[in-house]
Amino acid sequence: MASRMKRRVGAENVAIIEPSERHFYQPIWTLVGAGAKQLSSSGRPTASVIPSGVEWIKARVVELNPDKSCVHTYSGKEISYKYLIIALGIQLDYEKIKGLPEGFAHPKIGSNYSFKTVEKTWKALQDFKEGNAIFTFPNTPIKCAGAPQKIMYLSEAYFRKTGKRSKANIIFNTSLGVIFGVKKYADALQKIIKERNLTVNYKQNLIEVRADKQEAVFENLDKPGETQVVSYEMLHVTPPMSPPDVLKRSPVADAAGWVDLDKETLQHKRYPNVFGIGDCTNLPTSKTAAAVAAQSGILDRTISLIMKNEKPMKKYDGYTSCPLVTGYNRVILAEFDYSSQPLETFPFDQSKERLSMYLMKADLMPFLYWNMMLRGYWGGPAFLRKLFHLGMS
């Protein structure tokens, strides 16, 4: 967004407040956890991705004051703004599971959601001998809702490849009541689950990890208070997530703590000079990098019109995408909108597993991210969709 705003108002009028020294392309961590990519390939120094001429304020925001159009940083500095874009992402709450994060000091447990724990997943996969391989999905909104099961399919493929499949009991314990929110792709995944003999238990929420004993404790969400202790030989944890604490106590948040936006324009519902994008917002779509790409193009147009005192015209349709990795060379490319209806780019059935879609996930998307999206030149595949569908009509 800073790259896009630089083109609108000049670099000297744009600043980024960001505390992190390194910037990560997180979608690749699914493949890092399965040993298909290196962790080092996922990060770059933040300085290298800040648009040239844009001021980088290396600080953490601890308070938002939209009534006075300013923010406060951890060091006590007050920074005022004419327009504010909130892109704070989502917070990982490992500590909401009893026994974590300290349990990650033990072997046999990992999580693809943090750069500190993603390589532990790969280690646990390699060290697997015999028993339960358990994969979890928490009872909160999360980013990339497909990732908790992608690592299960990759692990199953790894066990097959290494001759350990017959010794592995693969279990997906999810808090949800369905495998995927869009029926077309859910049906395709159910077929894979059946073919590969995977066990899926619904409404099961991980509440405790006893890493010293290799035990996981799950609560049955249909019968509150009813728990089950399951021993594991490998455990992949998807942590509960929430809006960042700074948002939860801010006037820009809705009752649940997310940035309260108009779902079509991405403008704040109460503060007209405040905007939001990505995982920190209450947009009722899946929280993915693909959604951010589509949102960035819409938000660019929205802000440019508001700067001219005009009404935002372009509307975000909720486009999001989840490349469901089902093996070391196969992906089902799920793409859908606010109404959970497929919104597909390519002129073929995307619910089928394809090598081409795997190569797109593993190699093309990271390239697009670093070279196009961060530079403000990738607003998602809507134009490709038009191109293909024009060609077919």
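Here, each number is a calculation from the coordinates, and none is a lab measurement. Note that the structure is a prediction, hence the values are computed from the model and not measured. Methodologically, a virtual Cβ is constructed for each residue, glycine included, from the backbone with ideal geometry; neighbour enumeration extends over all protein chains shown.
Given R0 = 22 Å, the distance between the Cβ atoms of Asp93 and Lys183 translates into a calculated FRET efficiency of 0.15. The range 341-393 and the range 204-243 have Cα centres lying 36 Å from one another. The phi-based Karplus calculation (6.51 cos²θ - 1.76 cosθ + 1.60; θ = phi - 60°) puts the 3J(HN,Hα) values of the range 260-272 at 8, 10, 5, 6, 9, 9, 6, 8, 5, 5, 10, 10, x Hz, whole numbers, x for Gly and Pro.
Taking the Kirkwood radius as Rh and the Cα radius of gyration as Rg, the range 36-88 has a ratio of Rg/Rh equal to 1.10. Summary of packing: across the peptides 227-234, 109-116, the per-residue average of other C-beta atoms within 10 Å ranks them, highest first, as 109-116, 227-234. Put the Cα centre of the range 1-49 next to the Cα centre of the range 100-149 and the gap is 24 Å.
Computed over the alpha carbons of the chain, Rg followed by Dmax gives 21.4, 65 Å.
Extents of the range 221-365, taken as max minus min of Cα coordinates on every principal axis and listed largest first, are 58, 47, 26 Å. Report P(r) for the range 207-266: all Cα-Cα distances, bin width 5 Å, range 0 to the bin holding the largest distance, values in whole percent. Histogramming the range 207-266 at 5 Å steps yields 4, 14, 15, 13, 12, 11, 13, 10, 6, 1, 0 percent. Tilt of helix 118-127 relative to the longest C-alpha principal axis of the chain, in degrees (0 to 90, nearest 10)? Once rounded, the angle reads 10 degrees. Phi angles across the range 225-239 convert, under the Karplus curve 6.51 cos²θ - 1.76 cosθ + 1.60 with θ = phi - 60°, into 3J(HN,Hα) values of x, 7, 10, 9, 9, 10, 7, 10, 9, 8, 10, 10, 9, 9, x Hz, Gly and Pro given as x. When both the range 268-308 and the range 82-97 are represented by their alpha-carbon centers, they are found 15 Å apart. Here the Karplus relation 6.51 cos²θ - 1.76 cosθ + 1.60, evaluated at θ = phi - 60°, turns the backbone of the range 135-143 into coupling constants of 10, 10, 9, x, 9, 8, x, 9, 8 Hz, with x for every Gly and Pro.
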